[in-house]
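The values are calculated or read from the model by the stated rules, or taken from the named source; none is laboratory data. The structure presented is a predicted model; accordingly, all values stated were derived computationally and were not measured. Here the Cβ is made from the backbone with ideal geometry for all residues, glycine too, and neighbour counts use every protein chain on show.
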Amino acid sequence: MYEKVYRLKSLKKRGENLKFGPLSILALLLVVSSVLRFLGGPASAIAKEMSEMEIEKTEKNTPPQCDTSPDIQALLAALSDREARVAVREDYYDKRSVDLAKAEQEISQQLVALEEAEGKLEATLARAANAAEDDVARLTAVYESMRPKEAALLFETMSPAFAAGFLGRMRPDVAAKVIEGLSPENAYSISVILAGRNANAPTE
């Protein structure tokens, strides 16, 4: 108990000895002011450096802006317009090329079909000519087998050109007998036609 009271008195006495006077407070304020100024300088420098680093980072991330004059803008617009017109023209020529290719293909197909049709027509005409030749040959054989007087009566009803065609195919001896039975007018007309067929024939 006595020890505790003694300690309290001792602490109280020390506190009285530690009382600050006006000079002590003034010195303390000067020290605090110096510390604040010392800390304020580096802090502001650090803050300034951090701000500059942030600005540089922002400038690096920001794409450069081109300051285009009106002349350059007009030139760029003209180039863009020309590029658009060239694209339209290329598209037109591409479509035209496709159309021409289709037309050429259709023409080629039509030419092939025309050649096939011509071949078929020539074959048909050849068959028709052969058939007509066969018919004329058969009729000529029939006329040759007839009696000359009967054949002459029949040839009197024919045109001179038609009769001359058959008489020119007949054997000469049979044709001569048929002509003997014809009237003088028909015999003369047929003879003229038969002679005219060979008038332009080469003699040598």
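None of 117, 123, 152, 128 is part of a helix (DSSP H, G or I) and over 51 Å from the mean Cα position of the chain (by Cα) except 152. Summed over the stretch 112-148, residues that are touching a residue at least 24 places away in the same chain (Cβ under 8 Å) and surrounded by 12 or more Cβ atoms within 10 Å (Cβ to Cβ) total 6.
For residue 193, the stated conditions hold: it is part of a helix (DSSP H, G or I) and in contact with a Pro (Cβ under 8 Å, 6 or more places away or on another chain).
Only one of the listed residues (127, 138) is within 30 Å of residue 179 (Cβ to Cβ) and not assigned by TED's automatic domain parsing to the domain that holds residue 190. That residue is 138. Report every pair of residues separated by at least 6 positions or lying on different chains whose Cβ atoms are under 6 Å apart, first residue within the stretch 162-188 and more than 22 Å from residue 133 (Cα to Cα), second assigned to a helix (DSSP H, G or I) and among the basic types (Lys, Arg). Between residues of the stretch 162-188 that are more than 22 Å from residue 133 (Cα to Cα) and residues that are assigned to a helix (DSSP H, G or I) and among the basic types (Lys, Arg), the close pairs are 181/149.
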